[in-house]
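A short write-up of the structure that comes next.
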Amino acid sequence: MKKRWTIIIALLAVIIASIAYAYHEQKEPTAVEQKTVRIAYLPITHALPVFATKELETPDGPVHVELVKYGSWPELMDALNTGKVDAAAVLVELGVKAREQGIDVRAAALGHTEGNIIIVGNDINSVQDLKGKSFASPHKQSTHKILVDLMLEKAGLTENDVRVVEMSPPEMPAALAVGQIAGYTVAEPFGSLALALNRGKVFEDPNALWHDNICCALVFNGEFVDTHHELAKAFTKAYLDAGAYLDGHPEAQKAISKKYMKFKDPVIERSLQVISYKDLALTEERYQDLVHHMKHIDLIKTVPAYTDFVDTSLLP
């Protein structure tokens, strides 16, 4: 009798657990019900469309944006790759490299066009003057690193002549001021900051080195896209709409920038003069130019196909 009751109790426990699990599954938010998208960013002008998407959202809109601030690109990419965030405004080369390594990340759009800058010390007058000195970029996997190599190559130099180092953008103006580096290439507003402090000057034109160079992109975690495709698509539309809004409202660019980046007005104003949010399409032509340069300086070995990296199904 005791054994029979034990079996009955065990069966009841299984039934109750099954009902609870089914109820829990039923209560899990669907792609339609869930509205929040967690977006990782660094506080730079290249992430302004993400900030604008947040500022333009409405309580009854299809998307709620939760911004997650990071202090470095490696931290941000770890969060994106592992699904701690759903998407990120990130250096496009980091996304391509992750895809080459088999990590499921997918780009939807650019973060901006233009907006990169090359700064050197006031005593540097030619690329030849950089020989034997250090020159900084924010990350090996970046358009900034590509621009450095293109600049050296154009002048007949290589990294054997100039020591190219990685450095956090906020450290660059001070490092230039004390002579730790002879120059740097970076996202705004850290170039304009050196100009405002009279610690450096604009050097080569990035667009002359690489026409229509691209830098940052909106990149999603692939699992999030598969699980919440319509939400990812809704966010992408809101993001592109925000880019168009920024392009048509220069005054909003400044106001939103000041809210998310703690720089003085002249630095913000100058940085916004050299960046555009008008055309954020990550076209196949732009992608092929990007991966050509990445291969040229050995940033990647195997090029991911355009359709593997850019998810056009997210576009409106």
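Rule-based calculations on the coordinates, nothing more; no lab input. Please read these numbers as outputs of a predicted model, since none were measured by experiment. As a convention, Cβ positions derive from the backbone with ideal geometry for all residues, glycine included, and neighbour counts pool all protein chains shown.
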Practice item. Treat the count of other C-beta atoms within 10 Å as a stand-in for reagent exposure and order 113, 58, 143, 185 from fewest to most. Key: 58, 113, 143, 185
**Study point:** Max mean-square fluctuation residue, GNM over the chain, Cα-Cα springs under 10 Å, options 183, 71, 222
**Key:** 71
Practice item. Find how many whole Å separate the alpha carbon centroid of the range 175-226 from the alpha carbon centroid of the range 42-59. Key: 19 Å
Practice item. Would you be so kind as to identify all helices of the chain, as entire DSSP H runs, whose Cα atoms reach 24 Å or more along the helix's own axis and whose mean Kyte-Doolittle hydropathy is at least 0.5? Key: 2-27
Check your understanding: At a Förster radius of 35 Å, what calculated FRET efficiency corresponds to the Cβ-Cβ distance of residue 128 and residue 276, to the nearest 0.05?
Key -> 0.65
Exercise for review: Step through the table entries 84/140; 84/278; 54/201; 154/278; 54/140, compare each Cα-Cα distance with 32 Å, and write down the pairs that go over it.
Suggested key: 54/201
Study note, to complete from the structure: Flagged as over-length at 31 Å C-alpha distance, from 254/301; 131/254; 35/262, the pairs are 254/301; 131/254
